[in-house]
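Below is one structure, written out as structure tokens; the observations come after it.
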2 protein chains.
Amino acid sequence: MSHSSAPRKTPGRPARISREDIIGTARRIVTEEGADRLTMRRLAQEVGSTPMALYHHVRGKEELLLLLLNDYAERTLHRPALPDQPRERVVVAAAAIHDVLAACPWIVEVLTADDLMSTTALWFVEQIVDNLVECGLTPERAVHGYRAIWYYTAGEILVRATAARRRATDDQPTYRERVFADLDPGELPRLARLSGRWAELTAEDTYRDGLRALVDGLLAS
Amino acid sequence: MSHSSAPRKTPGRPARISREDIIGTARRIVTEEGADRLTMRRLAQEVGSTPMALYHHVRGKEELLLLLLNDYAERTLHRPALPDQPRERVVVAAAAIHDVLAACPWIVEVLTADDLMSTTALWFVEQIVDNLVECGLTPERAVHGYRAIWYYTAGEILVRATAARRRATDDQPTYRERVFADLDPGELPRLARLSGRWAELTAEDTYRDGLRALVDGLLAS
DNA sequence: TTTGGTTTCTATACATGTAAGAAAAATAGC
DNA sequence: GCTATTTTTCTTACATGTATAGAAACCAAA
């Protein structure tokens, strides 16, 4: 579509599609029709190529989704105004990442990435680590603290997203509901007493509370 | 294999395989040859049936893995001796769950379960919630606290397991390594200074430290 | 022009999960 | 014994990710 004249310098057959084409088209499919519709065949057809040609620009579907996630983060993750207190900065930076990712429903299959590693996202990591140091942690403990925050954040998003997906798919009552329906109050009194409200309680969004608790605890030690 | 005489009471074609057969055989395949080898076709062949017959005893592969996980938890998760302090009880109960799950390499695909819900595992949940209340939290906050612990735990296992899998699969340097290799010290000074030690630092097992911090923070608020 | 090398693209094939529906094997009522 | 009903099993077919092998399109040298 693009380059026309400009004498080529590399040998070999010239590429008809680029990684950017692929990612762009993939993004369009995903935003317009949802992540289910993104198949390698469909994507190939849409960029005017064959499925296996994609594999010369992208290692496989997993990498494609990872690239898509980075692309998404790059364009929707914006640096927020940070508060004065270092501790609050940690909270704000983590919550900003969380909110953007949580709003991205197709994320589940990729989010087990080791870290989020787009250039934009790294700024947030920097803020978290730096402000943890600012609060008195050694750099080593600050990194560990960041990792704990990332585990908590990724876990929250993954668990909630999967639960939501299951609820949407299954017509039947959940396994959880069945188990909670007949708890033995003798064996598990606390859960039995809470069983009626469990669904409601776990549905509440308490990400920030947990995050604050975690940051507090990291700084207290 | 089992029932012989005993006049049947239900109408319909009698079942030749049972859910227990399926789970047992699946467990054998997974423990002997790894989770990759567990396919519906292979499993069907092994129980002496056809793939689609399995679907009358199990909703699909995802449910099968969930059942397998519960089965695994049921037989390897044993109630530990709990310390005296309620706060330490929370830590010990959570760490017990964590350690059993983390030792289970095929877990990744299922762990996004809403909670771990085998009967045995619920005892641990009970301990966590109960002792959080014992420490002064309201029952509501105790449930939220348990959820935060679960998010952190599931996230840790998932992220670490996936990272390990990626390292095992990929021969090429990780995306992370490439990004960390050329960080701009002007933009991200803290990360740039730590970049050489990042892999080493994130490889350390700091689950318990983070857990303690989280529990401390939950109780401090 | 021909030959060789390099890169990209295409065709074909396979393994996998599972949807749809027909067939089989039992019971219940007559 | 015969038919209707119910439950389980089997057959077939499809969508998907991707491995493999080779064809196609470009450059550079002979």
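The values are calculated or read from the model by the stated rules, or taken from the named source; none is laboratory data. Nothing here was measured: the structure is a model prediction, and the numbers come from that model. Glycine gets a Cβ as well: all are built from the backbone with ideal geometry, and neighbour counts include every protein chain shown. Heavy atoms of the whole protein, side chains included, go into the accessibility calculation; ligands, DNA and RNA do not. Shrake-Rupley method; radii C 1.70, N 1.55, O 1.52, S 1.80 Å.
Quick one: net charge of A:Glu32's neighbours, Cβ under 14 Å, K/R +1, D/E -1?
Numbers: positive: A:Arg27, A:Arg28, A:Arg37, A:Arg42; negative: A:Glu33, A:Asp36, A:Glu46.
Here the count lands on +1.
Dipole magnitude for chain B: about 880 debye, using +1 per Lys or Arg Cβ and -1 per Asp or Glu Cβ, origin at the Cα centre. Of A:Leu158, A:Ala53, A:Ile128, which is farthest on the positive side of the dipole of chain A, counting Cα position, with +1 on Lys and Arg Cβ, -1 on Asp and Glu Cβ, and the Cα centre as origin? The residue sitting most towards the positive pole is A:Ala53. Under a GNM of chain A (C-alpha, springs under 10 Å), which listed residue has the highest mean-square fluctuation: A:Asp84, A:Asp99, A:Asp209? Maximum among the listed residues: A:Asp84.
Mind listing which GluC sites (Glu not before Pro) in the range B:136-221 are in a DSSP loop and have 13 or fewer other Cβ atoms within 10 Å? Please report the intermediate quantities before stating the final value.
Numbers: sites: B:Glu140, B:Glu156, B:Glu177, B:Glu187, B:Glu200, B:Glu204; in loops: B:Glu187, B:Glu204.
Here the sparse-neighbourhood loop sites are B:Glu187, B:Glu204.
Think of each Lys and Arg Cβ as +1 and each Asp and Glu Cβ as -1; about the Cα centre, that makes the dipole of the protein assembly as shown roughly 1500 debye. Spin-label pair A:Glu63-B:Ala81: with each label point 7 Å from Cα along the Cα-Cβ axis, the two points sit 5.3 nm from one another. Projecting the Cα positions of B:Ala93, B:Thr76, A:Thr31 onto the charge dipole of the protein assembly as shown (unit charges on Cβ atoms of Lys, Arg, Asp and Glu, taken about the Cα centre) puts A:Thr31 furthest along the positive direction.
Over all Cα atoms in the protein assembly as shown, the spread is summed up by Rg and Dmax: 24.3, 85 Å.
Write down Rg/Rh for the range A:83-221, rounded to two decimals, with Rg from the C-alpha atoms and Rh from the Kirkwood relation over Cα pairs. Intermediate results must be reported in sequence, preceding the final value.
Numbers: Rg = 18.0 Å, Rh = 17.0 Å.
Over the Cα atoms of the range A:83-221, Rg/Rh equals 1.06.
A Förster radius of 51 Å, combined with the Cβ-Cβ distance separating A:Thr10 from B:Ala220, puts the computed FRET efficiency at roughly 0.25. Projected label points at B:Ala181 and B:Glu46, each 7 Å from Cα along the beta carbon direction, are separated by 4.1 nanometres.
What do you get for chymotrypsin sites (Phe, Trp or Tyr not before Pro) in the range A:6-106 restricted to DSSP loop and a cutoff of at most 11 other Cβ within 10 Å of the site's Cβ?
When the chymotrypsin sites (Phe, Trp or Tyr not before Pro) of the range A:6-106 are filtered for loop state and at most 11 Cβ neighbours within 10 Å, nothing remains.
Specify the inter-centroid distance of the range B:68-91 and the range B:143-221, based on alpha-carbon positions, in whole Å. About 25 Å separates the Cα centre of the range B:68-91 from the one of the range B:143-221.
For the range B:1-101, run through the trypsin sites (Lys or Arg not before Pro) and keep only the ones in DSSP coil with at most 11 other Cβ atoms within 10 Å of their Cβ. Show your work: numbers first, answer last.
Details: sites: B:Arg8, B:Lys9, B:Arg16, B:Arg19, B:Arg27, B:Arg28, B:Arg37, B:Arg41, B:Arg42, B:Arg59, B:Lys61, B:Arg75, B:Arg87, B:Arg89; in loops: B:Arg8, B:Lys9, B:Arg16, B:Arg59.
Loop-located and lightly packed - B:Arg8, B:Lys9, B:Arg16.
Chain A and chain B together bury an accessible surface of about 5800 square angstrom, both sides counted, with a 1.4 Å probe and no ligands or nucleic acids included.
Looking at chain B, the accessible area is 51 square angstrom per residue; that uses a 1.4 Å probe and ignores ligands, DNA and RNA.
What is the sum of charges around B:Val100, taking Lys and Arg as +1, Asp and Glu as -1, for the other residues whose C-beta is under 13 Å from the C-beta of B:Val100? The partial results should precede the final answer.
On the way: positive: B:Arg75, B:Arg79; negative: B:Asp71, B:Glu74, B:Asp99.
Net local charge, B:Val100 excluded: -1.
Take every pair of alpha-carbon atoms less than 8 Å apart whose residues are at least six positions apart; their mean separation over the length of chain A yields a relative contact order of 17 percent.
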